[in-house]
Amino acid sequence: MLGLKVHKKGAETAKRYLVKNALLDNQLIVFGSNSFIYLPIKGEISPKKKQGVEKATGGKLVSSKFEKSGVKGKYRELLQKRLGKSYDDVTKSYDIVGNIALIDAKGRPATQMAKAIMQTNKNVLTVISKGGAVSGKYRVRKYAHILGKKNFIADYRENGIELKFDIRKTFFSSRLAFERLRIAKLVRPKENVVVMFAGMGPFAIEIGKMQRQANVVGIELNKDACRYMKQNIALNKTGNVVAELGNVKRVADKYKGFADRIVMPLPKTAFEFLGAVLKVAKRKCIVHYYAFGDRETGFEDEIKKVRNFFEKKGRKVKILDKRVVRQYSAKEVEIVLDILVG
Ligand SMILES: C[S@@+](CC[C@H](N)C(=O)[O-])C[C@H]1O[C@@H](n2cnc3c(N)ncnc32)[C@H](O)[C@@H]1O
């Protein structure tokens, strides 16, 4: 989807311009990062019109992901009514992981937000607040209970699979759902797939469920996450998926020359594991490599790094695809490179 990225200071003027020219998509939710606001654009827009919009608003038209209003729209309305202030002044949106809603409560009216969420989302039984950023080698974060049943076990459905896990003990992001589906659709029958950094199993199980004839191995360092991956394999009856507990660098020895495809969803440090990729990969292998980077220069930087690494090892590299997976922070996006290593 196309969005107008505009500096916060100019956002109101830009919004008025879009409304006046019938270009603002009211069915989608405006979102913001530290310094920028992203306004959803309605329909297709010609290159000439694009130039006009950018000139008039001082913004930039970029491809963006917007959430649909609907339930979230009602939540905003309810909050606005209760708090009597502008939604953007006091609150932020929320994420839903099955029966649990996650909010960022710092400096915000947490209980009011939680009440509004539970009133507008009948499936949400618990609201918890994120306590800081994802951190550490297990990529987990702390959570505090705000409202509803005191429960941290999420029961979540995505792309035809069900996942149960303790949200405090394993990484999870529902914002990667589209990417997981994209990868699962690429897998062909009888492929051997290694999902490094598998967490509690979303990539591995989705692939195993969609492609019953594939053999999938999920490798995970965090004991709790790996235990949940095993339970989720059983829950989804994906007998073609194996969960391996351990460090990718060590488990790689067990799967030398095994993989037609390797998924590397550890954007922070995936580069450090390219040695393990070389061990696990067949002579020809597709690698889905994730990284954080600048929206403008991230692809170029990572492609250079990865190409250098493989070529130094005498391997050929072809970039099959590249895409932005999600906005990660004000400055960074998560990107993925689909690489054919030959
Ligand atoms: C960003 S999470 C991704 C989890 C999962 N693939 C998902 O999409 O929900 C990265 C995972 O890699 C695991 N991890 C980190 N270093 C590892 C290593 N050296 N070997 C195996 N797993 C590792 C972490 O424990 C964490 O669960």
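If I take all pairs of Cα atoms in segment 198-246, what percentage of them are more than 14 Å from each other?
Here the tail beyond 14 Å accounts for 35 percent of pairs.
Ignoring everything except DSSP H segments at least 4 long, calculate the 222 nm mean residue ellipticity for the chain; use -39,500 (n - 2.57) per segment, divide by total residues, nearest 500.
Only helices count here, giving -9000 deg cm²/dmol.
Over segment 173-341, what is the percentage of antiparallel beta bridges among all DSSP beta bridges, to the nearest 5?
DSSP beta bridges in segment 173-341 are roughly 55 percent antiparallel.
Hey, with R₀ at 22 Å, roughly what FRET efficiency would R157 and Q119 work out to, going by the Cβ-Cβ distance, to 0.05?
That pair, R157 with Q119, gives E of 0.50.
Given the pairs K223/K282; K5/K223; K72/K130; K74/K223; K74/K150; K230/K312, which are separated by over 30 angstrom at their Cα positions? Numbers along the way, then the final one.
Numbers: K223/K282 28 Å; K5/K223 41 Å; K72/K130 19 Å; K74/K223 40 Å; K74/K150 25 Å; K230/K312 37 Å.
Pairs exceeding the cut-off: K5/K223; K74/K223; K230/K312.
Could you tell me the calculated FRET efficiency between K305 and S329, based on Cβ-Cβ distance and R0 = 22 angstrom, to the nearest 0.05?
Working: r = 20 Å, r/R0 = 0.91.
Taking R0 as 22 Å, the efficiency between K305 and S329 is 0.65.
Are there any GluC sites (Glu not before Pro) in segment 19-125 that are in a DSSP loop and have at most 13 other Cβ atoms within 10 Å? List them by number.
Passing both the DSSP loop test and the Cβ count: E44.
Only bridges whose two residues both fall in segment 1-154 count here: according to DSSP, what percent of them are antiparallel, nearest 5?
Percentage antiparallel, nearest 5: 85.
For D301, tell me the accessible area in Å² from a 1.4 Å probe, rounded to the nearest 10.
Its accessible surface works out to 80 Å², give or take rounding.
How large is the convex hull of the C-alpha atoms of segment 3-101 per residue, in Å³?
So the per-residue Cα hull volume is 117 Å³.
Could you give the length gained by full extension between K150 and E44, i.e. 0.36 nm per residue of separation minus their alpha carbon distance, to one decimal place?
So the extension gain works out to 33.6 nm.
For Y143, list long-range residues whose amide hydrogen, built 1.01 Å from N in the peptide plane, is under 5 Å from its own amide hydrogen.
G131
Could you rank L39, L147 by how accessible they are, 1.4 Å probe, largest area first?
L147, L39
Rank S135, S35, S173 by accessible area, highest first, at a 1.4 Å probe radius? Walk me through the numbers before you get to the answer.
On the way: S135 65, S35 45, S173 15 Å².
So, going from the largest accessible area down, we get S135, S35, S173.
What percent do you get for the relative contact order of the chain when only Cα pairs under 8 Å and 6+ apart count?
10
Tell me which residues come under 5 Å, amide H to amide H, from N99 once H is placed; ignore anything under 5 positions away on its chain.
Sorted by chain and number, the residues that satisfy this are D155.
For segment 2-63, which whole-number percentage of the solvent-accessible area (1.4 Å probe, protein heavy atoms only) is attributable to carbon and sulfur atoms?
Accessible surface attributable to carbon and sulfur in segment 2-63 totals 51 percent.
Within segment 166-238, report the GluC sites (Glu not before Pro) that DSSP leaves as loop and that have at most 14 other Cβ atoms within 10 Å.
none
How much accessible area per residue does segment 71-151 have, in Å², with a 1.4 Å probe?
On the way: 4440 Å² over 81 residues.
Normalised by residue count, the accessible surface of segment 71-151 is 55 Å².
Quick one: ranking K15, K49, K81 by accessible area, 1.4 Å probe, largest first, what do you get?
Per-residue accessible area, sorted high to low, gives K81, K49, K15.
Calculate what fraction, in whole %, of the accessible area of segment 173-341 sits on carbon and sulfur atoms when a 1.4 Å probe is rolled over the protein chains.
Answer for segment 173-341: carbon and sulfur cover 51 percent of the accessible area.
Take every DSSP beta bridge whose two residues both sit in segment 2-63, then give the antiparallel share in percent to the nearest 5.
Around 100 percent of the beta bridges assigned by DSSP in segment 2-63 are antiparallel ones.
The values are calculated or read from the model by the stated rules, or taken from the named source; none is laboratory data. All values reported here derive from a predicted model rather than from experimental measurement. Don't worry about glycine lacking a Cβ; one is built from the backbone with ideal geometry, like all the others, and counts go over all protein chains shown. Please note that ligands, DNA and RNA were not included when accessible areas were found on the heavy atoms of the full protein model with its side chains. Shrake-Rupley method; radii C 1.70, N 1.55, O 1.52, S 1.80 Å.
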